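The values are calculated or read from the model by the stated rules, or taken from the named source; none is laboratory data. Here the structure is a predicted model, which is why all the values come from computation and not from measurement. Neighbour counts are summed over all protein chains in view; Cβ atoms, including those assigned to glycine, are modelled from backbone coordinates with ideal geometry. What goes into the accessible areas is simple: the full protein's heavy atoms, side chains included, and nothing from ligands, DNA or RNA. Shrake-Rupley method; radii C 1.70, N 1.55, O 1.52, S 1.80 Å.
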Amino acid sequence: MHPQPEDTIVALSSAAGPGVRAIVRISGTKTAEIIAKVFTAEHPVSGVRSLATGELTLSGLESYLPADLYFFRGPHTYTGQDLAEIHTVSAPPLIERLIADLLIAGARAAQPGEFTMRAFLSGKKDLPQAEAVLAVIEATDETDLQSALAQLAGGVSQPLSKLRDDLLNLLADVEAALDFVDEDIEFVTNADTIMRIGAGIAHLMNLKRQLDDRSVSRRPMRVAFVGEPNAGKSSLFNALIGVDTALVSSEAGTTRDYLSHVVTLDGHAIELIDTAGWQTAADSIEEQAQALGRGQSDRADLVLICVPVGKSIPFTIPPRGVLLRTKADLGPTSGLAVSTLSLNDLAPLLTFLGNRAASFARPALAPSQSRCRHHIDAAIADLRTAHNHALFNDPPELLALVLRQSLDQIGAMAGSIYTNDLLDRIFSRFCIGK
């Protein structure tokens, strides 16, 4: 995708499919002209921001379609251009006809992420903020959303901007000294140079730590073992953690409280939880044990329903539940099965848990994380070289060179230096209409 900001683009911006409302977004220099060919209102739009209620005249449709038009005059918009949104009923055939008529009127179908790309090209968003838009769209829980919103609000951009200003000022002082090398003028002392470079390194190291902290899931995946008494839950729990923590007995109801232990599998943390067997409570203590077990299974990310081979399934499998046949050494079975007699007999379950944990441990930071880390590492390396040049009083030309290199890395991170290939990689991951 190559930037073509002179075109007027259109796309469905809301979710596809039937619904109460659909939003069709249009942006470009001919926005008002194109909309006028399909939309009529009692009072025309005017001013920087306006709302008009009117009707859409669509080809092949005899009756008018009621709609609201939100019009925003550039450059005070998301894209920096004239931008409009047509709000109408979300009936897929009607929306397809509306977009087709807008295309006939002179608009072009927007490519993935093109609205946000225009926001970037017009200076409304820098690159980390533009990438954070995608992270907000793809957020699947509160942790992901808050992290993406922090980046969208400038959680990465603002510290980078301050650091870049500080290093630019230092570079200006170093290069000014080069211009007046024959004069008895000192623009910056060597001690001050070392201190300012050290501050820049510390700043980048702190930012890198923040990225690393957000690159892993906030907590381990919780896996609860549930089932009737003597289903082999505690034996399996002990086998997986490698320690006889849970009491194992042929007597029903041995496990009164739940037990938990965090293990690492294929580099992913998993919290295993052994719960009391499901049965009718005989006393208040057992009733509390049952309640604790239910609470743990309700909060688990994965519930393994343990049923010995040959036994019928005594209850309905919950949404997060997976049937696990225990005591697989007692007879043939199908599906996910396990025995605690040897490590080989645990292999199918370990593979299953490893795959689940890998899918659970998604990054909590916006997609710029890996790209930012690459540039941070390069900028830190350049600043360390600059620190050595200043420390050993090397020629100032060398110091100026590596300072420029570090500024280039920071500029690439923030998006002030970019290529079309980079923009393609970033914005092609967006959905159309964003």
| query | Any idea which residue in region 205-235 is modelled with the highest pLDDT, counting only those that are of a type in the set (S, T, N, Q) and open to solvent by 20 Å² or more (accessible area, probe 1.4 Å)? | reply | SER235
| Looking at (1) surrounded by fewer than 14 Cβ atoms within 10 Å (Cβ to Cβ); (2) assigned to a loop (DSSP other than H, G, I, E, B), which is the only condition ASP7 fails? | (1)
| request: Give region 296-306 a look and list any residue that's touching a Lys or Arg at 6+ places or on another chain (Cβ under 9 Å), buried (at least 21 other Cβ atoms within 10 Å of the Cβ) and part of a strand (DSSP E or B), or say none. | output: VAL303, LEU304, CYS306
| Are any of the residues in region 154-161 open to solvent by 60 Å² or more (accessible area, probe 1.4 Å) and at pLDDT 75 or above? | yes
| request: Mind counting the residues in region 43-67 that are under 40 Å from the mean Cα position of the chain (by Cα), at pLDDT 85 or above and not hydroxyl-bearing (Ser, Thr, Tyr)? | output: 10
| query | So which residues in region 12-29 are touching a residue at least 60 places away in the same chain (Cβ under 8 Å) and touching an Asp or Glu at 6+ places or on another chain (Cβ under 8 Å)? | reply | SER13, ILE23, VAL24, ARG25, ILE26, SER27, GLY28
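Tell me, which residue of region 359-380 that is open to solvent by 50 Å² or more (accessible area, probe 1.4 Å) and part of a helix (DSSP H, G or I) is modelled with the lowest pLDDT?
The extreme case among them is SER370.
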| said: Please go through region 72-121 and give me each residue that is within 17 Å of ALA41 (Cβ to Cβ), open to solvent by 30 Å² or more (accessible area, probe 1.4 Å) and touching a strand residue (DSSP E or B) at 6+ places or on another chain (Cβ under 6 Å), ordered by number. | reply: PHE72, GLU85
| query | Pairs under 6 Å by beta carbon, first residue in contact (Cβ under 8 Å) with a residue 40 or more places away in the chain and more than 16 Å from ASP166 (Cα to Cα) in region 379-406, partner open to solvent by less than 70 Å² (accessible area, probe 1.4 Å) and hydroxyl-bearing (Ser, Thr, Tyr), six or more apart or different chains? | reply | ALA390/THR193
| message | Return the residues of region 13-45 that are open to solvent by less than 70 Å² (accessible area, probe 1.4 Å), part of a loop (DSSP other than H, G, I, E, B) and in contact with a Ser or Thr (Cβ under 9 Å, 6 or more places away or on another chain); say none if nothing qualifies. | response | SER14, GLY17, GLY28, VAL38
